[in-house]
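The values are calculated or read from the model by the stated rules, or taken from the named source; none is laboratory data. For clarity, every value in this text was computed on a predicted model and none was experimentally measured. In this analysis, Cβ positions are derived from the backbone assuming ideal geometry, glycine residues included, and neighbour counts consider all displayed protein chains.
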Amino acid sequence: METEVSTHPNTSFVIDSSSSRATKMWGRRLGSLLEGGELLALIGELGVGKTCFIKGIALGLNLREEDILSPTFTMIQEHRGRLPLFHIDLYRLDRVGLDDLGLREYLFSESIAAVEWFERLQEASAIDRLSVKISYTGANSRRIEFTAVGERYVSLLMRLRSRSA
Amino acid sequence: MIVLGIESSCDDAAAAVIETNRPGVAIVRANAIAGQDDIHRPYGGVVPELASRNHILTIEPVVQRALAVAGCQLSDIDGIAVTRGPGLVGSLLVGLMYAKGLSQATGIPLVGVNHLEGHLLAPLLENELTMPYLALVVSGGHTALFEVQAFGRYRRLGATRDDAAGEAFDKVAKLMGLGYPGGKIIDELARRGNPKRIRLPRARVKRAPLDFSFSGLKTAVALFLRSEGAPSTSESDLAASFQEAVVDMLVRPTIAAARELDAETIVLTGGVAANSRLRERLSAAAAADGRRLVAPSFKYCTDNAAMIAIAGSYRLLRGEADPLSIDAQANLPL
């Protein structure tokens with residue numbers, strides 16, 4: 001279904017997904033490992049499958065995937081699963097600061113924050129997070145690159161890898 | 001009865017005055033709106049924080065304008081209807097708090113209205129319709145099919161599983177580098193294009209024939225733009241092919257629902273109801289089935305306060321009112 005193609009010790013981990021189903025399953029694996037307070041940064045072009053991956057995370061949090069809709073319009077959708085999930089979409093903002101829109105309280109809480117278009121945040125590079133970068137490799141296939149920034153995310157990444165082995 | 005409607009669920013602050021003596025039958029005496037396009041244009045979309053801050057400045061003047069156009073004083077108003085959700089919570093709060101303040105100060109009864117109920121009842125502002133009827137609500141934030149059974153009784157038959165139809169238009173326009181808002185630009189380009197030029201998928205949701213899904217179509221357009229065929233394809237052909245796919249995906253479940261309910265009337269409402277191809281195709285499909293399509297004028301399809309006033313007035317006419325403790329809810333269910 002998917003193969004590990006390369007690894008970057010401890011901080012990075014790349015897989016090839018052959019279908020939206022496989023992408024969702026990786027989201028689910030990640031979702032089931034979350035403990036609260038994590039920040040997940042989803043990066044990738046329009047249509048590549050960011051929301052699909054977050055539907056998987058929702059499944060791992062015991063939410064129903066059909067409750068996860070695109071949050072582009074409202075920018076923030078809140079869901080109550082095993083842990084609360086803030087599904088955030090910065091798509092409509094070209095460049096936004098943490099303090100501009102009250103984002104800080106959503107990103108740094110006891111809840112899970114899954115942020116689409118995270119790179120549009122001015123402070124993006126300075127924030128600890130698990131980045132999930134999805135890119136096109138074919139009509140249905142995608143490359144998913146997980147990158148940990150910060151200690152707690154290195155440990156999360158290791159658990160995700162051992163789960164996939 | 002004279003009803004003041006107030007709506008501020010997204011980026012428009014709106015106020016309207018209607019006169020009604022029977023549920024669903026009304027004369028619109030004023031329909032005022034304070035839009036914020038210029039404020040949000042640099043961001044390519046509505047920024048919630050800016051929308052609510054600006055509503056604070058415009059809500060009072062827009063209500064005063066509606067009263068002036070209607071030739072009314074506050075003392076002529078018999079009831080206030082205000083949107084309490086769904087929408088952007090900061091935006092909703094401004095209109096709701098203002099309405100509560102008015103009610104508290106004057107003793108005029110207040111009812112909270114679901115924004116979607118406003119869209120569902122909007123056609124009654126211009127038409128006499130017999131319930132039940134079927135309604136397709138399509139906008140930047142919503143894509144759903146409802147059976148309007150009676151005032152206050154609505155059954156959701158299906159809805160989008162991912163993107164709203166209007167959002168699909170905006171995002172595909174962005175992928176194609178066409179600018180914002182995408183719906184109007186694509187509609188115009190598509191008139192010169194061949195809708196059969198590019199084959200795009202029509203998604204169906206498994207075991208839920210009345211649900212919608214547009215994210216796969218968005219992906220298909222993104223993939224097409226990366227393909228070898230892209231440079232030799234005209235923008236208008238791609239726009240037409242994409243639009244045709246969206247329209248197909250909206251028309252099929254709507255007609256299926258109409259058959260299931262044997263609905264005489266199909267209502268098309270929400271901002272995307274302005275799309276000319278959707279109106280044309282849905283109208284033809286309805287007619288071929290012996291049904292009739294009703295779409296409100298554009299000013300009542302997009303967000304407005306007249307629809308909120310008519311949606312609140314059937315309760316006010318019954319003598320009902322909500323307590324001032326009602327709150328704004330971003331995900332208010334219908």
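Would a scan of segment B:271-285 turn up a residue that is under 15 Å from B:ALA164 (Cβ atoms), assigned to a helix (DSSP H, G or I) and within 14 Å of chain A (Cβ to nearest Cβ)? Scanning segment B:271-285, I find at least one residue that is under 15 Å from B:ALA164 (Cβ atoms), assigned to a helix (DSSP H, G or I) and within 14 Å of chain A (Cβ to nearest Cβ), so the answer is yes. If you go through segment B:284-319 and keep only what is surrounded by fewer than 13 Cβ atoms within 10 Å (Cβ to Cβ) and of a type in the set (D, E, K, R), you end up with just B:ARG318.
Could you tell me which of the residues B:ARG22, B:ARG84 is touching a helix residue (DSSP H, G or I) at 6+ places or on another chain (Cβ under 6 Å), outside the structural domain of B:ALA144 (by TED's automatic domain parsing) and in contact (Cβ under 8 Å) with a residue 24 or more places away in the chain? Checking each option against the conditions leaves just B:ARG84.
Could you tell me whether any residue of segment A:55-66 is within 14 Å of chain B (Cβ to nearest Cβ) and out of contact with any Gly (no Cβ under 8 Å at 6 or more places or on another chain)? For segment A:55-66, residues within 14 Å of chain B (Cβ to nearest Cβ) and out of contact with any Gly (no Cβ under 8 Å at 6 or more places or on another chain): present. More than 10 Å from chain A (Cβ to nearest Cβ), buried (at least 19 other Cβ atoms within 10 Å of the Cβ) and in contact with a Ser or Thr (Cβ under 6 Å, 6 or more places away or on another chain): which single residue out of B:ILE186, B:ILE198 fits that description? Unique residue meeting the criteria: B:ILE198. Within the option set B:LEU92, B:LEU88, being within 14 Å of another protein chain (Cβ to nearest Cβ), surrounded by 15 or more Cβ atoms within 10 Å (Cβ to Cβ) and either modelled with pLDDT of 95 or more or more than 19 Å from the chain's Cα centre (by Cα) (or both) holds for one residue only, B:LEU92. Here A:ALA113 fulfils each of the conditions (1) touching a Leu at 6+ places or on another chain (Cβ under 7 Å); (2) of a type in the set (Gly, Ala, Ser); (3) farther than 22 Å from A:GLU78 by Cα apart from (3). Only a single item in (1) surrounded by 15 or more Cβ atoms within 10 Å (Cβ to Cβ); (2) within 8 Å of another protein chain (Cβ to nearest Cβ) is not met by A:ASP94, and it is number (1). Entry remark, segment B:160-181: residues being modelled with pLDDT under 90, within 20 Å of the chain's Cα centre (by Cα) and not in a helix (DSSP H, G or I) number 2 in total. In the set B:ARG192, B:ARG155, B:ARG202, only one residue is without any contact (Cβ under 8 Å) to a residue 40 or more places away in the chain and either in a loop (DSSP other than H, G, I, E, B) or in the same structural domain as B:LEU134 (by TED's automatic domain parsing) (or both); that residue is B:ARG155. Being among the basic types (Lys, Arg) and surrounded by fewer than 18 Cβ atoms within 10 Å (Cβ to Cβ) is a description that applies to B:ARG226.
With respect to the conditions (1) more than 14 Å from chain B (Cβ to nearest Cβ); (2) surrounded by 13 or more Cβ atoms within 10 Å (Cβ to Cβ), A:SER125 falls short on a single one, namely (2). Against the conditions (1) under 27 Å from B:ASP37 (Cβ atoms); (2) surrounded by fewer than 23 Cβ atoms within 10 Å (Cβ to Cβ); (3) acidic (Asp, Glu), B:ASP262 satisfies every one except (1). So in segment B:213-247, with the set limited to residues that are of a type in the set (Ser, Thr, Tyr) and more than 14 Å from chain A (Cβ to nearest Cβ), which one is nearest to B:VAL138 (Cα to Cα)? Filtering segment B:213-247 for residues that are of a type in the set (Ser, Thr, Tyr) and more than 14 Å from chain A (Cβ to nearest Cβ), the one nearest to B:VAL138 (Cα to Cα) comes out as B:SER241. Scanning segment B:30-48 turns up no residue that is surrounded by 17 or more Cβ atoms within 10 Å (Cβ to Cβ), farther than 14 Å from B:GLY312 by Cα and among the charged types (D, E, K, R). Of the candidates A:ILE134, A:ILE112, the single residue that is within 12 Å of chain B (Cβ to nearest Cβ), under 15 Å from the mean Cα position of the chain (by Cα) and over 16 Å from B:ASP162 (Cα atoms) is A:ILE134. Among the residues of this structure, A:ILE144 counts as one that is over 29 Å from B:ALA51 (Cα atoms) and either within 14 Å of the chain's Cα centre (by Cα) or at the interface with chain B (Cβ under 10 Å from one of its Cβ atoms) (or both). Taken across segment B:57-66, residues that are within 25 Å of A:GLY102 (Cα to Cα) and surrounded by fewer than 20 Cβ atoms within 10 Å (Cβ to Cβ) do occur, with at least one present.
If you go through segment B:235-276 and keep only what is more than 22 Å from B:GLU147 (Cα to Cα) and in contact with a Lys or Arg (Cβ under 8 Å, 6 or more places away or on another chain), you end up with B:SER236, B:ASP237, B:LEU238, B:ALA240, B:SER241, B:GLN243, B:GLU244, B:ALA245, B:SER276. Restricting B:ASP76, B:ASP38 to residues that are in contact with a Leu (Cβ under 9 Å, 6 or more places away or on another chain), among the charged types (D, E, K, R) and in the same structural domain as B:ASN21 (by TED's automatic domain parsing) narrows the list to B:ASP76. Only one of the numbered conditions (1) away from chain A (no Cβ under 14 Å); (2) out of contact with any Leu (no Cβ under 9 Å at 6 or more places or on another chain); (3) not in a strand (DSSP E or B) is not met by B:GLY141, and that is (1). Residues in segment B:158-172 that are away from every other protein chain (no Cβ under 11 Å) and surrounded by fewer than 23 Cβ atoms within 10 Å (Cβ to Cβ): B:GLY158 only.
Listed by first and then second residue, the pairs linking a residue in segment A:32-49 that is away from chain B (no Cβ under 14 Å) to a residue that is in a loop (DSSP other than H, G, I, E, B) and charged (D, E, K, R), with Cβ atoms under 6 Å apart and 6 or more places separating them unless they lie on different chains, are A:GLY36/A:GLU110; A:GLY37/A:GLU110.
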